[in-house]
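Following: one structure in structure tokens, then a few remarks.
The values are calculated or read from the model by the stated rules, or taken from the named source; none is laboratory data. These figures come from a predicted structure and were not determined experimentally. A quick note on method: Cβ atoms are made from the backbone with ideal geometry, for glycine too, and the neighbour counts reach across all protein chains shown. When the accessible area is computed, the model is the full protein with side chains, heavy atoms only, and any ligands, DNA or RNA have been set aside. Shrake-Rupley method; radii C 1.70, N 1.55, O 1.52, S 1.80 Å.
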Amino acid sequence: MKIPLKLELLVKLMELSGLLEKTGSGYKLTKRGVVEVYKSVVNYIVEIPVKLTSVFTSLDQNR
């Protein structure tokens, strides 16, 4: 299966930065990669209530 060029470049960049390592059957996250993914997930989860609060505040001001 052919990987799209953009995805291939992203994987190579992540490999060069130490976030991924190539194994026999594919790729796996390094410890550093796990930390970066964890931070991204936490940021996404925290961002949802902040956006909802902003939406509700703007709705309340429009009344």
**Request:** Output the residue which, of all residues in the stretch 27-56 that are of a type in the set (Gly, Ala, Ser) and closer than 24 Å to Lys12 by Cα, is modelled with the highest pLDDT.
**Result:** Gly33
**Prompt:** In this structure, does Glu47 turn out to be surrounded by 10 or more Cβ atoms within 10 Å (Cβ to Cβ) and touching a strand residue (DSSP E or B) at 6+ places or on another chain (Cβ under 7 Å)?
**Reply:** no
**Request:** May I ask you to list pairs of residues, at least six apart or on different chains, whose Cβ atoms are under 7 Å apart, with the first in the stretch 9-27 being free of Cβ contacts under 8 Å to residues at least 40 places away in the same chain and the second being assigned to a loop (DSSP other than H, G, I, E, B) and open to solvent by less than 50 Å² (accessible area, probe 1.4 Å)?
**Result:** Gly18/Thr30; Leu19/Thr30; Leu20/Thr30; Glu21/Thr30
**Prompt:** How many residues are open to solvent by 90 Å² or more (accessible area, probe 1.4 Å), of a type outside the set (A, V, I, L, M, F, W, C) and assigned to a helix (DSSP H, G or I) when one looks only at the stretch 1-17?
**Reply:** 2
**Item:** Any pair with Cβ under 9 angstrom, 6 or more apart, that starts in the stretch 40-57 at a residue that is touching a residue at least 12 places away in the same chain (Cβ under 8 Å) and under 22 Å from Leu19 (Cα atoms) and ends at one that is among the hydroxyl-bearing types (Ser, Thr, Tyr) and open to solvent by 90 Å² or more (accessible area, probe 1.4 Å)
**Value:** none
**Message:** Please determine whether any residue of the stretch 18-30 is open to solvent by 70 Å² or more (accessible area, probe 1.4 Å), charged (D, E, K, R) and in a helix (DSSP H, G or I).
**Reply:** no
